[in-house]
Amino acid sequence: MSLTRIHNLAISLDGFTTGEPQTLETPFGHAGERLHQWMFATRFWNETVGKPGGSEGADHAFAVRHGQGFGAEIMGANKFGPPGWQDDPAWQGWWGPNPPFHTPTFVLTHRPRPPLVMEGGTTFHFLDTSPAEALEIAREAADGQDVRVGGGASVVREFLSAGLVDRMHLVQVPIVLGRGVRVWDGLEALEETYDVEAVSTPSGVTHLSFTRKVPA
């Protein structure tokens, strides 16, 4: 059965997935790249960017799952581009001509545009619809494989609130941001509907795995 999954979503100790302000020059605001240093050190990341080496421990083992078993991706408008990208018809995302998704990718925006075909099998589809409807469309495109909800925090929060996420992998990074976009707001007692496992690694991060509980 196709699952809805979240992977490698890095959060600060106070629950922020990005700082502020988000701009073309600073995609993660004042957080910079501090939320993702754990991943940059892994073999998974080096292979993604075409470099040798990298760690092969637990951080790599968790990170590599980001690309396993997915047939479609859903992301929010703020992941696809900086504020105001909808006013730039030439904007094609942060990732260059060959984005790392290699699947149909559905961008949730109140200002949809025609599909954007990229290299490597990625086609961006722009939808103005609810999380449930977007998931139905993405599942059909995934052709039996899983659907990844790629972020940002607002989209993750909406899918969790709607009860649409089967598995979630968060990476808690030992920094305090104080401001930005939080993932936990409005999700009181989320742990009651998920089994939660925590694994800490020498890099200082804690991998939190949420698996939806099976009804008794």
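Things worth noting here:
- Pair-distance distribution P(r) for the chain, from all Cα-Cα distances in 5 Å bins starting at 0: 1, 7, 14, 19, 21, 20, 12, 5, 1, 0, 0 percent.
- Pairwise centroid distance, computed over Cα atoms, of region 110-140 with region 37-94, Å: 18
- Cα-based shape type of region 48-169, given that a ≥ b ≥ c are square roots of the gyration tensor eigenvalues and the cut on a/c is 1.5: oblate
- Taking amide H as placed 1.01 Å from N in the peptide plane, LEU108 has its amide H under 5 Å from the amide H of MET75, GLY76, ALA77, LEU127, each at least 5 places away in sequence or on another chain.
- Gyration tensor verdict on region 175-216 (Cα atoms; rounded if a/c is under 1.5, prolate if a/b is larger than b/c, oblate otherwise): oblate
- Top positive-direction residue, dipole computed over the chain with Cβ charges, set ILE74, VAL199, TRP184: VAL199
- Ratio Rg/Rh, restricted to region 28-94 and using Cα atoms, in which Rh is the Kirkwood radius: 1.05
- Computed over Cα pairs, the Kirkwood radius of region 120-161 leads via Stokes-Einstein (0.692 mPa s, 37 °C) to a diffusion coefficient of 290 µm² per second.
- Length-normalised contact order for region 82-216 - Cα pairs under 8 Å, 6+ apart - percent: 16
- Converting phi to 3J(HN,Hα) with the Karplus coefficients 6.51, -1.76 and 1.60 and the offset θ = phi - 60°, region 26-34 yields 10, x, 10, x, 6, 5, x, 9, 5 Hz in sequence order, with x at every glycine or proline.
- Exposure proxy ranking for TRP85, TRP94, TRP38, TRP184, based on other Cβ atoms within 10 angstrom of each Cβ and starting from the fewest, stands as TRP94, TRP184, TRP85, TRP38.
- The Rg/Rh ratio of region 108-216, with both radii computed over alpha carbons and Rh defined as the Kirkwood radius, is 1.00.
Each value in this text was obtained by applying a stated rule to the coordinates, not by laboratory testing. Here the structure is a predicted model, which is why all the values come from computation and not from measurement. Heads up, the Cβs are rebuilt from the backbone with ideal geometry, glycines too, and the neighbour counts pull from every protein chain shown.
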